[in-house]
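**Student:** Structure provided below as structure tokens; questions to follow.
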Amino acid sequence: MALLCFRSPLVTPLIFGLLLQAPFTQPSTITQPNFVLLLADDLGIGDVGCYGNDTIRTPNIDRLAKEGVKLTQHIAAAPLCTPSRAAFLTGRYPLRSGMDAINDYRVIFWNAGSGGLPPNETTFAKILQHQGYSTGLIGKWHQGVNCESRNDHCHHPLKHGFDYFYGMPFTLISDCQPTETPEMDRAFRRKLWLSTQMIGLITLTAVLGRLTGLISVHWKTLTCLAGFSLLFFTSWFSSYGFVRYWNCIMMRNHEITEQPMVTDRTTSLILRESISFIERNKHKPFLLFLSFLHSHTPLLTTEKFLGRSRHGLYGDNVEEMDWMVGQVLDAIDKESLKDTTLVYFASDHGGWLERQEDKRQLGGWNGIYKGGKAMGGWEGGIRVPGIFRWPGVLPAGTVIDEPTSLMDIYPTVVHLAGGSVPQDRVIDGRDLLPLLRGAAAHSEHEFLFHYCGVHLHAARWHQRDTGAVWKAHYVTPIFSPPGAGACYDRGFCPCFGEGVTCHEPPLLFELSQDPSEAKPLSADTEPLFDTVIRRIGRAIEEHRRTLTPVPEQLSVSNVVWKPWLQPCCGTFPFCWCDKEGDN
């Protein structure tokens, strides 16, 4: 789209004439719109009213869809937070930047890990910063903090193009709420506790045996055994015993404001910061990336919304997030920015089906789509809400049933801001504006590849001439219990190993006819089966030739807790502060 980046008496009549043209048929004359990008956390596509939910109330998100464009095949590049958000920020599949895992540690696990979004990656925020935008990130980051020292901030939002950051450098987890059952690495922690108790019992038995004369063992040996017991306990409890202090922190730019965070006021502070950013930057182009902590466990919900929904705490939390969306939209209207602001709403991946406590369902719902969070192939893990609103530019009330990706935000935003995408690397996203405006009938994505970690689980082919959307599954998780639709016995579905099934030939579905992926096709039932499988196979080979080796940001050595990298507002290990409370 041509962008006018200058003003002169000669072009004023032209601009006036263009403004009088019918909308949606002529390019917009707004050279640098504002951008408000709203990204929910763990929200299922079935949790939103305009996507079919008739019990959870989301009037503000629904209003965005009514006033803008709703995408029905909006796909996350990964089914978990860290890799999906890396793809969103860079417009690239996460394995291109090393932000997807070859092991079971598929997200950033500690603020004090050394992995994160590499400094050589160029985010859309960095490009917009160079285009004169004020750029702000409010809320969740989850892309790492430091590399080699406590204050190098090599992965920090301010190193990736954001002028202002307020929020969590990590992600919200149940450990942040003292009254909730710990969530982080729960099974591994149980094993560590059991091992500690066994070692301690062996040590105690040996000491009692020596004192009673039943066991002939030197005191030096007992001392070494006791020392080993203490060392083993200290080695893991120094990290896992203080998760709330190490991971549940709030920052403003590089300064830690709460350690640990005070969860009772987190929602109000994030909303206040978001509105304040809009008010401070209303006279110049701005990018606000509001990265919600909703609707991730422990589902922080203010008292005003508790008990209001028909879906327990999870529904209350979603309805509060919708209210926050409304408050941000009201702030845009109040500053008369509605017609010059592109608003986008999505979720980072599908809802977490396995997240339950007792009989409470604490994860989201993915509607008619099979699977959920952590499942890289099934639609429920990667198909998410996708809504754009830009009055006067995008046609209101439009529904587009074409394959699109969260990675598409990158080139779309960059081109509208008057910038250029990097030419020295592969950008997997595609500019959505022609599709959103109705100037293009089809998505530019002929193929999309669906990864679980670095393992390719599925691929889809949009056969534009027929409208068919073929999807081949090469690997699928083994649901537990069988037929349950999720991995309830594990908590997460794995990407490889004994917990998955490899398919040869692959499972094939035609999503335009079978969006729930309920009836796999075969050579006997589908005449084009072999042709489709061969075509998708060639596309995968071509895609793999574009991949180059990069350092693994989520390797075990990068995700483990390193005390010398721990962000701390005091003198380590005495890390405690509440600067928001002091103010």
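**Student:** For the chain, what are Rg and Dmax over the alpha carbons, in angstrom?
**Tutor:** Just the Cα atoms of the chain yield Rg and Dmax of 25.3, 104 Å.
**Student:** Additional query: Under 17 Å from a point placed 7 Å out from the Cα of Val421 along the Cα-to-Cβ direction: which residues of the range 374-412 have their backbone N that close?
**Tutor:** Answer for this model: 403-412.
**Student:** Over the range 484-553, with every protein chain in place, what whole percent of the accessible area is carbon and sulfur at 1.4 Å, could you tell me?
**Tutor:** 52 percent
**Student:** Go through Ile427, Ile75 and list them by solvent-accessible area, largest first, probe radius 1.4 Å.
**Tutor:** Ile427, Ile75
**Student:** Which of the residue pairs Lys220/Lys562; Lys140/Lys359; Lys70/Lys471; Lys126/Lys284 have a Cα-Cα distance greater than 20 Å in the structure shown?
**Tutor:** In this structure, Lys220/Lys562; Lys140/Lys359; Lys70/Lys471 lie more than 20 Å apart at Cα.
**Student:** For the range 42-112 and the range 306-362, compute the distance between their C-alpha centroids and round to whole Å.
**Tutor:** Taking the Cα centre of the range 306-362 as reference, the centre of the range 42-112 is 13 Å away.
**Student:** Relative to the longest principal axis of the C-alpha atoms of the chain, give the angle of the C-alpha long axis of helix 266-280, reported between 0 and 90° and rounded to the nearest 10°.
**Tutor:** Rounded to the nearest ten degrees, it is 40.
**Student:** Taking Cα atoms, how many degrees apart are the long axis of helix 81-90 and the longest axis of the chain, rounded to 10 and kept between 0 and 90?
**Tutor:** Its long axis makes an angle of about 40 degrees.
**Student:** Now for a separate question. Leaving ligands and nucleic acids out of the surface, order Asp530, Asp47, Asp424 by accessible area at 1.4 Å, largest first.
**Tutor:** Accessible-area ranking of Asp530, Asp47, Asp424, largest first: Asp424, Asp530, Asp47.
**Student:** Roughly what angle does helix 529-545 make with the longest principal axis of the chain, taking Cα atoms, 0 to 90 degrees, to the nearest 10?
**Tutor:** 80 degrees
**Student:** Now for a separate question. Show me, for the range 452-461, the HN-Hα J-couplings you get by feeding each phi into the Karplus relation (A = 6.51, B = -1.76, C = 1.60, θ = phi - 60°), rounded to Hz, glycine and proline as x.
**Tutor:** Values per residue, Gly and Pro as x: 10, x, 8, 9, 6, 9, 7, 8, 10, 10 Hz.
**Student:** Looking only at chymotrypsin sites (Phe, Trp or Tyr not before Pro) in DSSP loops with at most 15 other Cβ atoms within 10 Å, what is the longest site-free stretch of the chain?
**Tutor:** The longest such stretch corresponds to 7-487.
**Student:** Tell me the carbon and sulfur percent of the accessible area for the range 140-263, rounded to whole percent, probe radius 1.4 Å.
**Tutor:** That share works out to 66 percent.
**Student:** Give the Debye-formula value of log10 I(q)/I(0) at each listed q (0.11, 0.16 Å⁻¹), with one equal scatterer per alpha carbon of the range 246-402, two decimals each.
**Tutor:** Log10 of I(q)/I(0), two decimals: -0.55, -1.13.
**Student:** Enumerate the lysines that Lys66 could reach by cross-link, defined here as Cα to Cα under 16 Å, with residues fewer than 8 away along the same chain left out.
**Tutor:** Here the lysines satisfying the reach criterion relative to Lys66 are Lys338.
**Student:** Would you mind working out the accessible area per residue for the range 186-240, using a 1.4 Å probe, and quoting it in Å²? Before the final figure, lay out the partial values.
**Tutor:** Details: 3980 Å² over 55 residues.
Ligands and nucleic acids excluded, the result is 72 Å² per residue.
**Student:** At 222 nm, what helix-only mean residue ellipticity would the chain give, in deg cm²/dmol to the nearest 500, using -39500 (n - 2.57) for each DSSP H run of four or more?
**Tutor:** Result for the chain, helices only: -9000 deg cm²/dmol.
**Student:** Rounded to the nearest 0.05, what FRET efficiency do His254 and Thr223 give with R0 = 35 Å and r taken as the Cβ-Cβ distance? Could you check?
**Tutor:** In this case the efficiency is close to 0.20.
**Student:** In addition: Sort out for me the Cα centre separation of the range 235-257 from the range 144-202, rounded to whole Å.
**Tutor:** 6 Å
**Student:** Could you work out the relative contact order of the range 29-142? I mean the mean sequence separation of Cα pairs under 8 Å and 6+ apart, divided by the number of residues, in percent.
**Tutor:** On the way: 77 pairs, mean separation 16.6, N = 114.
That works out to 15 percent.
**Student:** One quarter of the convex hull surface, Cα atoms only: what value does that give for the range 529-574 in nm²?
**Tutor:** Projected over every direction and averaged, the Cα hull of the range 529-574 covers 6.1 nm².
**Student:** Under 4 °C and 1.567 mPa s, how fast does the range 186-240 diffuse according to Stokes-Einstein, given a Kirkwood radius computed over C-alpha pairs? Answer in µm²/s, whole number.
**Tutor:** 108 µm²/s
**Student:** Oh, and also: Rounded, prolate or oblate: which fits the range 435-583, taking a ≥ b ≥ c as square roots of the Cα gyration tensor eigenvalues, rounded meaning a/c under 1.5, else prolate when a/b beats b/c? Present the calculation step by step, with values, prior to reporting the outcome.
**Tutor:** Details: a/c = 2.32, a/b = 1.88, b/c = 1.24.
Judged from the Cα gyration tensor, the range 435-583 comes out prolate (a/c at least 1.5, a/b above b/c).
**Student:** Sticking with this structure for a sec: Once you keep just the Cα pairs under 8 angstrom separated by 6 or more residues, what percentage relative contact order results for the range 337-472?
**Tutor:** Dividing the mean separation by the residue count of the range 337-472 yields 18 percent.
**Student:** Say the dipole of the chain comes from +1 at the beta carbon of Lys and Arg and -1 at that of Asp and Glu; which of Leu299, Thr263, Gly364 then lies farthest toward its positive end?
**Tutor:** The Cα lying farthest towards the positive end belongs to Thr263.
**Student:** Run the numbers on the chain and let me know its relative contact order in percent, using alpha-carbon pairs under 8 Å that are six or more apart.
**Tutor:** About 26 percent, as a whole number.
**Student:** Hey, rough spin-label estimate for Asp54 and Arg265, points 7 angstrom out along Cα→Cβ, what's it come to in nanometres?
**Tutor:** Computed distance between label sites Asp54 and Arg265 equals 4.3 nm.
The values are calculated or read from the model by the stated rules, or taken from the named source; none is laboratory data. In this text the structure is predicted, and so the values were computed from the model without any measurement. Counting neighbours? That spans all protein chains shown, and the Cβs are built from the backbone with ideal geometry, glycine included. The area values use the complete protein model at the heavy-atom level, side chains included, leaving out ligands, DNA and RNA. Shrake-Rupley method; radii C 1.70, N 1.55, O 1.52, S 1.80 Å.
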